[in-house]
1. The stretch 79-191: Rg/Rh from Cα coordinates, Kirkwood Rh?
2. Quick one: how many Å² of Thr27 are accessible to a 1.4 Å probe, rounded to 10?
3. Sort Glu73, Glu35 from largest to smallest accessible area, using a 1.4 Å probe on the heavy atoms of the protein chains.
4. For the stretch 133-191 and the stretch 49-70, what is the centre-to-centre distance using only Cα atoms, to the nearest Å?
5. In a shell of Cβ-Cβ distance under 9 Å around Ala112, excluding Ala112 itself, what net charge do Lys and Arg (+1) and Asp and Glu (-1) give?
6. In Å, what Rg and Dmax follow from the Cα atoms of the stretch 133-178?
7. Ranked by accessible surface with a 1.4 Å probe, highest first, in what order do Tyr128, Tyr91, Tyr154 come?
Amino acid sequence: YRPPLSMVISPVPESPSKDLQTLHVMTANTALGPEWLNAKFCFESSVTRADRIASTLLSQTDTALPDLFLAQEVWDDQATQILVDRLKSKYPYILHSVGSNVLGRSSGLLVASLLPITAAEFHHFDSYPREDSLANKGILYLETQVGDRRIAVYILHSVSPEDDHSADLRIHHLSQLLDDIRQRHAAVDDV
């Protein structure tokens with residue numbers, strides 16, 4: 001079994017205190033799946049794609065680099081390691097391999113942050129269509145500190161099939177997210 005999440009803390013200098021008005025967040029569905037699945041949807045390997053994603057992010061100027069990079073579908077172990085190894089040169093805080101299930105399959109969520117991550121908690125969705133049953137999709141809640149303000153950040157990856165049942169599940173997943181936001185909102189300064 002794997003731990004519920006893995007965190008890498010690098011000795012990169014932290015960003016100076018930021019004005020909340022300029023918090024920069026980027027999210028991406030990376031399609032870094034196992035090769036058998038990747039071959040069906042992408043024209044390059046997960047390893048090549050991970051390297052390209054990291055290169056693109058790291059080529060940004062410091063002012064254009066997102067404070068938080070939130071990624072979905074980071075399932076391939078080699079691709080995960082490439083992202084972590086490359087991104088830790090600029091991102092002092094990286095969460096990966098979040099929410100592993102009994103088969104060792106994670107949720108595929110990854111967070112790279114310039115800001116300290118002070119709390120993290122993953123909740124898997126309680127229902128999936130058959131196609132997504134091995135993916136352990138869910139909601140990752142994390143907190144970061146910006147000056148003296150506690151900021152809650154959510155990242156989720158809902159179901160992928162495009163049918164009525166999956167559409168209903170996506171609505172249910174978003175309801176779970178809204179319930180969590182309502183429960184935690186009073187304990188943080190911003191979401």
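The values are calculated or read from the model by the stated rules, or taken from the named source; none is laboratory data. Just so it is clear, the model here is predicted, and its values are computed rather than measured. When we count neighbours, we look across all protein chains shown, and the Cβ atoms used for this are built from the backbone with ideal geometry, even at glycine. Remember, those area values only see protein heavy atoms, side chains included, never the ligands or the DNA or RNA. Shrake-Rupley method; radii C 1.70, N 1.55, O 1.52, S 1.80 Å.
1. Dividing the radius of gyration by the Kirkwood radius yields 1.00.
2. Looks like 90 Å² after rounding.
3. The ranking, largest first, comes out as Glu35, Glu73.
4. Comparing the Cα centres of the stretch 133-191 and the stretch 49-70, I get a distance of 23 Å.
5. So the environment of Ala112 carries a net charge of +2.
6. 14.0, 44
7. Ranking Tyr128, Tyr91, Tyr154 by accessible area, largest first, yields Tyr128, Tyr154, Tyr91.
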